[in-house]
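Notes to accompany the following structure.
The values are calculated or read from the model by the stated rules, or taken from the named source; none is laboratory data. Because the structure is predicted, anything quoted here is derived from the model rather than measured. Here the Cβ positions follow ideal geometry from the backbone for every residue, glycine too, while neighbour counts run over all protein chains shown.
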Amino acid sequence: MLRIEALSAGYTAVPVLNGVSIAVDEGQFVAIVGPNGAGKTTLFKTISGTVGLMAGSIRFLDTDLASVPPHRRAHLGIAHVPEGRQVFPSLTVMENLEMGAYTEAGRRDWTSNIERIFAWLPVLAERRGQLAGTLSGGEQQMLAIGRGLASSPKLLMLDEPSMGLAPAIADFIFERLIEIRRQSGLTVLLVEQRVAEALESADHGYVLEMGRVVLEGNNKTLRADDRVRQAYLGM
Amino acid sequence: MMLENFLQALTAGILAGSIYGLMCVGLALIFGVMRVINFAQGDFMMLGMYAAYYLFAALGVQATFGDNLGPYVAVGLATPLLFAFGYVIHRVLVSRVTGARTAALEGEGHYAQLILTLGIALILQNGGQILFGSVLVSVRTPLSSSAWEIGPLWGDFVSVFVNKSRGIAAVVSVATIAALALLIARTRLGKSLRAAADNPEAATYMGIEVDHAYRIAFGLGAAITSVAGGLLATNYPFQPHIGLEYVIVMYAGVVLGGMGSIIGAFWGGMAIGLVQQLSTLVLPTQLQNAAIFVVFLLIVFLRPQGFFGRVVERT
Ligand SMILES: Nc1ncnc2c1ncn2[C@@H]1O[C@H](COP(=O)(O)OP(=O)(O)OP(=O)(O)O)[C@@H](O)[C@H]1O
Ligand SMILES: [Mg+2]
């Protein structure tokens, strides 16, 4: 579904990502882990088009994304739940979800999507009239996820959904994500600092360090790898 | 007599305030909602006034629709012209200093916007002087010299006169604002404009074309302010530098109403109209503008977020 090949990208002449290759197949749950500053967020932004691509290619379904302007990529079926939530603070919860459904598919499926989103994340239904800027961090994260789901995506990209949240809330959100994926069968690409949880539930994982993929494999091989155990799992 | 004078000044204040409110709403879209500083807003209004004037007097609107209806038809026709003007100005110039391009900069590109739009303002003022001349003109209608009498109220003592063209202008202003407020609050377009203003990057992830949203908002803001200008032109003679007088009123109104609130901007403009007219009861006319700013400072001092300001920060 998503094929990234020999990708280089960055903000200045010096690229942040150097020859990154990643593949996500339909229905897969793929996790990307790595230390702070490795380039995980930059990778997501390059897929979404808010960071320019310097070399290599990104193909989504049958389209070369280089020829698709950033705002059209959501319409192809890519939902990006960005790092730090980035909900629209002066819009209500409901309006945020409506903006999630800005794509053609999102509008078409609005009624059934909103029902499912409210069932998965009931707090959003309770708070539907509240301004998103006044939600707690955990609620904002759930809204960001709901907003992503509202677009009827083919690929859901989540950038550190546990960032800055209390462990209990982060656990809850993680559990919700697993449940959402189990019920919907969505293809998910997840960036996460909670390496143990991420690798446990993912089909396939990549370890990104200093802008390069240093390790990849299915969850068993990764969790058995000595380097991963030492550096990320603290074993 | 005292009561009559007061009611008359109050009426004049409400009428003036409605038009000021409308101008402020135009700026509120650009400055309050999209957070773009536009010093040429008063000059956009001036263009709207001349557009209405030429459509009315030279391009057949007066001949077709007459002296009573004609001015309003001209204002209506000038509106899409100013929308297009704002849209193009944004596309060609202002877009270079707004949106995703400057979101990460210190001050979100406000310095560049200030200089750029100040430049546009000067070009419009001086260009206007060359094209239109500096003779005072107005959109002439007999309505501006006749009035409705309300009353006599309280027996035979008190009655209030409402100038017809100003009365109509106030009604058109309020209707325009109501329509715009609905557009911004309820429609998909309106919500996408607010989303793009809140967080351009996240808006892009939703599939919103942010630059396009900004152009639409800028065009709408120019069009709304030009409606106010056209209505004003039926009452007041004007010349190419008139924008300067009103751009200050507009910024004061938007800040008074609370940044980001469309309805707030209307009440901000209304407050300015009321203070201006009511102050004539106790102060000499030369001090009208001083009175406005004393009240402005007082309100901003007591309630820095404005009447309708929300204390929600952008993330
Ligand atoms: N807007 C920017 N301009 C310039 N450099 C940037 C920008 N954003 C990130 N960088 C740099 O790019 C590198 C990778 O950052 P990125 O945010 O992609 O890391 P990350 O893997 O997501 O880290 P974290 O786990 O902390 O979120 C860092 O060295 C960072 O300083
Ligand atoms: Mg990151």
Which ones in the stretch A:128-168 are within 16 Å of ligand 1 (Cβ to nearest atom), part of a loop (DSSP other than H, G, I, E, B) and under 15 Å from the mean Cα position of the chain (by Cα)? A:Glu160, A:Pro161, A:Ser162, A:Met163
Expected single match for over 30 Å from B:Met49 (Cβ atoms) and surrounded by fewer than 24 Cβ atoms within 10 Å (Cβ to Cβ) among B:Arg215, B:Arg188 is B:Arg188
Take the residues in the stretch A:32-63 that are polar (S, T, N, Q) and within 16 Å of ligand 1 (Cβ to nearest atom); name whichever of them is farthest from the other protein chains (Cβ to nearest Cβ). A:Asn36
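How many of the residues making up the stretch A:32-60 are among the polar types (S, T, N, Q), assigned to a strand (DSSP E or B) and crowded, with 20+ Cβ neighbours inside 10 Å?
Final tally of qualifying residues: 0.
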Filtering the stretch B:162-209 down to residues that are more than 14 Å from chain A (Cβ to nearest Cβ) and either under 30 Å from A:Thr41 (Cα atoms) or part of a strand (DSSP E or B) (or both) yields B:Val162, B:Asn163
Does any residue of the stretch A:134-143 turn out to be more than 9 Å from chain B (Cβ to nearest Cβ) and under 15 Å from B:Ser192 (Cβ atoms)? no
Conditions first: (1) surrounded by fewer than 21 Cβ atoms within 10 Å (Cβ to Cβ); (2) closer than 17 Å to B:Glu201 by Cβ; (3) within 16 Å of ligand 1 (Cβ to nearest atom); (4) without any contact (Cβ under 8 Å) to a residue 40 or more places away in the chain. A:Gly84 passes all but one, so which condition is the exception? (4)
From B:Phe83, B:Phe31, grab the single residue that is closer than 15 Å to B:Thr225 by Cα and modelled with pLDDT of 90 or more. B:Phe83
Regarding the stretch A:199-206, can at least one residue be identified that is outside any loop (DSSP other than H, G, I, E, B), over 27 Å from A:Ala74 (Cβ atoms) and away from ligand 2 (no atom under 16 Å from the Cβ)? yes
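Answer with yes or no whether A:Arg181 is basic (Lys, Arg), in a helix (DSSP H, G or I), more than 12 Å from every other protein chain (Cβ to nearest Cβ) and free of Cβ contacts under 8 Å to residues at least 60 places away in the same chain.
No, not satisfied.
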May I ask you to list pairs of residues, at least six apart or on different chains, whose Cβ atoms are under 8 Å apart, with the first in the stretch B:294-312 being on the phi < 0 side of the Ramachandran plot and the second being modelled with pLDDT under 70? B:Arg303/B:Gly309; B:Gln305/B:Val311
Can you say whether B:Val227 is surrounded by 22 or more Cβ atoms within 10 Å (Cβ to Cβ) and either more than 10 Å from chain A (Cβ to nearest Cβ) or part of a helix (DSSP H, G or I) (or both), as far as the supplied structure shows? yes
Do you know which residues across the stretch A:2-30 are in a strand (DSSP E or B), more than 16 Å from ligand 2 (Cβ to nearest atom) and within 12 Å of A:Gly56 (Cβ to Cβ)? A:Arg3, A:Ile4, A:Glu5, A:Ala6, A:Leu7, A:Ser8, A:Asn18, A:Gly19, A:Ser21
Based on this model, can you work out whether A:Ala79 counts as closer than 26 Å to A:Ala202 by Cα, in a strand (DSSP E or B) and more than 16 Å from ligand 1 (Cβ to nearest atom)? yes
Please go through the stretch A:4-31 and pick out each residue that is buried (at least 21 other Cβ atoms within 10 Å of the Cβ) and either within 14 Å of chain B (Cβ to nearest Cβ) or within 9 Å of ligand 1 (Cβ to nearest atom) (or both). A:Val16, A:Leu17
Every pair of residues 6+ apart whose Cβ atoms lie under 6 Å, when the first sits in the stretch A:187-209 and is more than 19 Å from A:His80 (Cα to Cα) while the second is away from ligand 2 (no atom under 13 Å from the Cβ) and of a type in the set (D, E, K, R): A:Leu199/A:Arg223
Tell me the residue from A:Ser136, A:Ser151, A:Ser112 that is more than 16 Å from ligand 2 (Cβ to nearest atom) and touching a residue at least 24 places away in the same chain (Cβ under 8 Å), please. A:Ser151
Criterion violated by A:Glu104 - all others in (1) of a type in the set (D, E, K, R); (2) more than 25 Å from B:Thr187 (Cβ to Cβ); (3) away from ligand 1 (no atom under 16 Å from the Cβ) satisfied: (2)
Please enumerate the residues belonging to the stretch A:64-97 that are more than 7 Å from chain B (Cβ to nearest Cβ), of a type in the set (S, T, N, Q) and in contact with a helix residue (DSSP H, G or I) (Cβ under 9 Å, 6 or more places away or on another chain). A:Thr92, A:Asn96
